[in-house]
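Note sheet for the following structure.
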Amino acid sequence: MPITSNFLNACRRQPVTHTPVWYMRQAGRYQPEYRKIREKYSLIEICQIPELCVQVTKLPVDQLGVDAAILFSDIMVPVGAMGLAFEIKEHVGPVIENPIRTAADVDRLRVFHPEESLPFVLESIQLLKQNLNVPLIGFSGAPFTLASYMVEGRPSRDYVKTKQLMWSAPDIWRKLMDKLADATIVYLRAQVAAGAAAVQLFDSWVGSLSKEDYLAYVFPTMQKIFGALADLDVPMIYFGKDTAELLVDFTRTGATVIGVDWKIPLAEACRRVGRNFAVQGNLDPVLLFAPWDVIERRARAIVEAGIQHSGFVFNLGHGVTHHNPPVETATLQRLTAFVHEYSAELLRAQRG
Ligand code: CP3
C-alpha cells in the first residue's frame, strides 16, 4: 500500500490530489474473466480459496485503476459460520433452508471465531495486503440486512416476516440484533488485524424501515458495532440504499464515512451529513448502460458537488448491476479516468 492514499485521505477528510474512486461490486459477473472463473467454481468456492479470492479481488484494481480494493466475499459467508446453512441461487440470491423464526433459533446461532471458522477470509486478506498497491476494504453485512435474509429465508420485496418478528417479538429481535452485532464486531476486528485498511457495513435493505423503526430497532445495534470498532482507527463506511431520510441518523452511529445511494442529489446528501463526515457515492449504477455523454454529465455534477465537501469518495449508488449485455469494463475504466482527471483539475484550480 502506498504511504499516502487518496482513498484513505478522503475517508479521513484530509487533502487529496484527486477524488478517489472504487465501485461496489467492482468484481463480478460483468467481467468476462470473472464469468470464466465461475464456469469452474461457485461464488462460495472463490471466497474459500485464497488464491482465487486474491485474483478476483485484484482484477478490477488492475483493470479499472480504482483507488481501493474490496475483499471478494459475500455478506452471507459469516451467516454460514453462525450455523445457518445457505445457498446462493443463480438469479435469485441468498436462500436459507431453515430461516430464523423463534427464540430457540436465535439461541442456536453461534458467535464464531473468525480464525477458526473463516480462516480463508483472513488468509486472503493477508495475501492481498502483500499483493495490492491500494488499500483493501474489508466488509460485513449489517445486522438488519443479514436478519432480512435469515428471517425471510430468501430475498424479499417487503420484508414482512422480518418486520413482523421485530414488532411482535421485540425480545427475540433484540437478541438476534445483539448476536449479529457481536459476530460483526469480531469478524471486522479480525479483518482489520489481518490487513484491511478500512471497513464497510452494507445495510443494503435498511431503507425499507421508517425512521421511527430504524431508531427503535436498528440504530442502537449500529452504535454498538461502530463504538466497538472505533479504537481500530480505520475508516468505517456505512452504506444503505433508500436511506436519504436516515443519513442524519447514520452520522450518529459512529460511522466515519456515509454511503449514499443515487436517489438524493449528492450536494443535498452532503448538507444532511455535515462537515464532520466523509461521503461516498452516488452515481446510479444503471447509468453505466447509458451513452458516454450522459454518464459524463452526471459524473461531472457528482464530482463538482463532492469536491465542495470535506472528504469525498466517488462510487456508485449501489453495486454494478448484472444485466445482459453486461456493463463494459471500458466504461468503468473511462469513468474512473474521468473522475480522476476532472477532480484533479478542479482541485488545482481550488488551490489557485
Ligand atoms: O466487488 C465487490 O463488491 C465484492 C464482492 C461482494 C459480493 N457480494 C460478491 C457477489 C460484495 C461486497 C457482496 C455484498 C453483498 N451480498 C450484499 C451487499 C451489497 C449489495 O449489493 O447490496 C448483498 C445484499 C449480498 C447478497 C447477495 N449475494 C445477492 C443479493 C447476490 C446476487 C444474486 C444474483 O444472482 O443476482 C449475491 C451473489 C453475489 N455476491 C455475486 C457476487 C459477485 C453475483 C453472483 C455470482 O457470481 O454467483
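No value in this document is a laboratory result; all are computed from the given coordinates. Just so it is clear, the model here is predicted, and its values are computed rather than measured. Quick reminder, even Gly has a Cβ in these numbers, built from the backbone with ideal geometry, and neighbours come from all protein chains shown.
So which trypsin sites (Lys or Arg not before Pro) in the stretch 114-179 end up in coil per DSSP with only 12 or fewer other C-beta atoms within 10 Å? Don't skip to the end; give the middle numbers.
On the way: sites: Lys129, Arg157, Lys161, Lys163, Arg174, Lys175, Lys179; in loops: Arg157.
Filter output for the stretch 114-179: Arg157.
Taking θ = phi - 60°, what integer Hz values does the Karplus form 6.51 cos²θ - 1.76 cosθ + 1.60 yield along the stretch 310-325, in sequence order, with x for Gly and Pro?
7, x, 9, 10, 7, 8, 7, x, 6, x, 4, 7, 8, 7, 10, x
Report, in debye and to the nearest 20, how large the dipole of the chain comes out about its Cα centre when Lys and Arg carry +1 and Asp and Glu carry -1 on their Cβ. Don't skip to the answer; put the middle values down first.
On the way: 36 positive and 37 negative charges, 95 e Å.
Rounded to the nearest 20 debye, it is 460 debye.
Return the whole-Å distance between the Cα centroid of the stretch 304-352 and the Cα centroid of the stretch 198-268.
So the two Cα centres are separated by 22 Å.
Need one number: nm distance between label points at Glu212 and Asp171, each 7 Å from Cα along Cα→Cβ, rounded to one decimal.
The two pseudo-label positions are separated by 2.4 nm.
Counting other Cβ atoms within 10 Å of each Cβ, which trypsin sites (Lys or Arg not before Pro) in the stretch 213-282 have at most 11 and sit in a DSSP loop? Each step should come with its number before you reach the end.
Working: sites: Lys224, Lys241, Arg252, Lys263, Arg271, Arg272, Arg275; in loops: Lys241, Arg252, Lys263, Arg275.
In loop regions of the stretch 213-282 (DSSP not H, G, I, E or B), the sparsely surrounded trypsin sites (Lys or Arg not before Pro) are Arg275.
Let me make sure I get this right: for the stretch 1-108, a, b and c are the square roots of the gyration tensor eigenvalues over alpha carbons, sorted descending. Under 1.5 in a/c it's rounded, otherwise prolate if a/b > b/c, else oblate. Which is it? Before the final figure, lay out the partial values.
On the way: a/c = 2.83, a/b = 1.59, b/c = 1.77.
Since a/c reaches 1.5 but b/c is at least a/b, the shape of the stretch 1-108 is classed as oblate.
Given the -39500 (n - 2.57) contribution per DSSP H run of 4+ residues, what per-residue ellipticity at 222 nm results for the chain, rounded to the nearest 500 deg cm²/dmol? Kindly include the intermediate steps, with their values, before the conclusion.
Numbers: 17 runs with 177 residues, N = 352.
The per-residue figure over the chain is -15000 deg cm²/dmol.
What length, rounded to one decimal in nm, is gained on full extension from Asn131 through to His113, with 0.36 nm per residue of separation minus their alpha-carbon distance?
On the way: separation 18, 0.36 × 18 = 6.48 nm, distance 2.56 nm.
That pair, Asn131 and His113, stretches by 3.9 nm at full extension.
Taking the alpha carbon gyration tensor of the stretch 6-350, what are the square roots of 5 times its eigenvalues, largest first, to the nearest whole Å? If you can, show how the numbers build up before the last one.
Numbers: eigenvalues 183, 108, 74 Å².
After diagonalising the Cα gyration tensor, the semi-axes are 30, 23, 19 Å.
Can you put Glu45, Glu152 in order of Cβ neighbours within 10 angstrom, beginning with the fewest?
Numbers: Glu45 13, Glu152 22.
Lowest count first: Glu45, Glu152.
Which of Pro235, Val286, Gly306 sits farthest toward the positive end of the charge dipole of the stretch 224-324, with +1 on the Cβ of Lys and Arg and -1 on the Cβ of Asp and Glu?
Projecting each Cα onto the dipole axis, the largest value belongs to Gly306.
Dividing the Cα convex hull volume of the stretch 249-340 by residue count, how many Å³ per residue is that?
Working: hull volume 8.7 nm³, N = 92.
Output value, Cα hull per residue: 94 Å³.
Assign unit charges at the C-beta atoms only (+1 for Lys and Arg, -1 for Asp and Glu), then state the dipole size of the stretch 1-98 relative to its Cα centre in Debye, rounded to the nearest 20. Don't jump to the answer; show the numbers that get you there.
Numbers: 10 positive and 10 negative charges, 64 e Å.
Charge dipole, the stretch 1-98, about its Cα centre: 300 debye, nearest 20.
If you take every DSSP beta bridge fully contained in the chain, what fraction is antiparallel? Give it as a percent rounded to 5. Intermediate results must be reported in sequence, preceding the final value.
Working: 4 of 26 bridges.
Here the share of antiparallel DSSP bridges comes out near 15 percent.
If R0 is 56 Å, what FRET efficiency do you get for Gln164 and Thr17 from their C-beta distance, rounded to 0.05? Intermediate values should be presented prior to the final figure.
Values: r = 51 Å, r/R0 = 0.90.
With a Förster radius of 56 Å, E is 0.65.
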